[in-house]
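A.B. asks: One structure coming up, written as structure tokens, with questions to follow.
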Amino acid sequence: MTPRMLLTKQKQILHFTRTLFTSNHLKRLIDIKGNDEFLSKVMNSDNPVIVNFHAEWCEPCHILTPKMKEMIEPMTDIDLAIVDVENHAELVHTFEVKAVPAVIAVRDGLVVDKFIGLVDANMIENLISKLVQKL
């Protein structure tokens, strides 16, 4: 590869990365950093939020999380919050997370549904449906 081709390729990658990280769907993904952020971005959110409790060492989490991102990505009215159980013991205790992956659906500060473990797309779709139902 010539230096000119390499520079062109680098520019293409940079453009793709900028586009990816400024697109709307990634703004809907919340990587929880602490309890205050959880309160403001999940419990007090105007949008319904799916909270994914996961761990880096959890193989099923590495399957479920990308699947959930893919399913939620086209939606404009649902957020996805990721909580690393290793770093947020208080949230794990509060929501009684006993195993990972554990997923809860929160609307208007209330848990409306949940599931534990690796589930199929239908189960995720059911969770999303319950979350977006009008009261």
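A.B. asks: Just to be sure I understand, how many residues within segment 50-82 are touching a residue at least 40 places away in the same chain (Cβ under 8 Å) and either more than 12 Å from the chain's Cα centre (by Cα) or in a strand (DSSP E or B) (or both)?
C.D. replies: In the first step, residues of segment 50-82 are kept if they are touching a residue at least 40 places away in the same chain (Cβ under 8 Å); the result is 50-55, 58, 60-61, 63-64, 67-69, 71-82.
Narrowing the set further to residues that are either more than 12 Å from the chain's Cα centre (by Cα) or in a strand (DSSP E or B) (or both) leaves 50-55, 58, 60, 63, 74-77, 79-82.
Number satisfying all stated conditions: 17.
A.B. asks: Among the residues of segment 46-66, write down those that are polar (S, T, N, Q) and either modelled with pLDDT under 95 or farther than 23 Å from V111 by Cα (or both).
C.D. replies: In the first step, residues of segment 46-66 are kept if they are polar (S, T, N, Q); the result is 47, 52, 65.
The answer is N47, T65.
A.B. asks: Quick check on F38: is it buried (at least 19 other Cβ atoms within 10 Å of the Cβ) and either more than 12 Å from the chain's Cα centre (by Cα) or assigned to a loop (DSSP other than H, G, I, E, B) (or both)? Before the answer, list the steps.
C.D. replies: Values: buried (at least 19 other Cβ atoms within 10 Å of the Cβ): yes; either more than 12 Å from the chain's Cα centre (by Cα) or assigned to a loop (DSSP other than H, G, I, E, B) (or both): yes.
Taking the combined requirement at face value, the residue satisfies it.
A.B. asks: Moving on to the next point. Given the structure, is F16 part of a strand (DSSP E or B) and either closer than 23 Å to M123 by Cα or at pLDDT below 65 (or both)?
C.D. replies: Numbers: part of a strand (DSSP E or B): no; either closer than 23 Å to M123 by Cα or at pLDDT below 65 (or both): yes.
When the stated conditions are applied, F16 does not pass them.
A.B. asks: Quick check: is even one residue across segment 87-102 in contact with an Asp or Glu (Cβ under 9 Å, 6 or more places away or on another chain), open to solvent by 20 Å² or more (accessible area, probe 1.4 Å), under 24 Å from N35 (Cα atoms) and aromatic (F, W, Y)?
C.D. replies: Checked against the condition, which is being in contact with an Asp or Glu (Cβ under 9 Å, 6 or more places away or on another chain), open to solvent by 20 Å² or more (accessible area, probe 1.4 Å), under 24 Å from N35 (Cα atoms) and aromatic (F, W, Y), segment 87-102 yields no hits at all.
A.B. asks: Just to be sure I understand the filter: pairs with C-beta atoms under 9 Å, separated by 6 or more residues or on different chains, first member in segment 95-119 and at positive phi, second member hydrophobic (A, V, I, L, M, F, W, C) and part of a loop (DSSP other than H, G, I, E, B). Which pairs pass?
C.D. replies: Cβ pairs passing all conditions: D108/L135; G117/A99; G117/V100.
A.B. asks: Might you let me know whether segment 65-72 holds any residue that is charged (D, E, K, R), open to solvent by 90 Å² or more (accessible area, probe 1.4 Å) and out of contact with any Pro (no Cβ under 6 Å at 6 or more places or on another chain)?
C.D. replies: Keep residues of segment 65-72 that are charged (D, E, K, R), which gives 67, 69-70.
Checking which are open to solvent by 90 Å² or more (accessible area, probe 1.4 Å) leaves us with 70.
Right, trim to out of contact with any Pro (no Cβ under 6 Å at 6 or more places or on another chain) and you get 70.
Yes, because at least one residue in segment 65-72 is charged (D, E, K, R), open to solvent by 90 Å² or more (accessible area, probe 1.4 Å) and out of contact with any Pro (no Cβ under 6 Å at 6 or more places or on another chain).
A.B. asks: Could you check segment 21-35 and list, in sequence order, the residues that are assigned to a helix (DSSP H, G or I), open to solvent by 70 Å² or more (accessible area, probe 1.4 Å) and either at pLDDT 95 or above or closer than 25 Å to A121 by Cα (or both)? So that I can check it myself, show each step before the final result.
C.D. replies: The initial filter retains those residues of segment 21-35 that are assigned to a helix (DSSP H, G or I), namely 21-22, 24-27, 35.
Subset that is open to solvent by 70 Å² or more (accessible area, probe 1.4 Å): 21-22, 24, 27.
Correct list: N24, K27.
The values are calculated or read from the model by the stated rules, or taken from the named source; none is laboratory data. This is a predicted model, so every value here is computed, not measured. Note that we place each Cβ from the backbone using ideal geometry, even for glycine, and neighbour counts take in every protein chain shown. These accessible areas exclude ligands, DNA and RNA; they are computed on the full protein's heavy atoms, side chains included. Shrake-Rupley method; radii C 1.70, N 1.55, O 1.52, S 1.80 Å.
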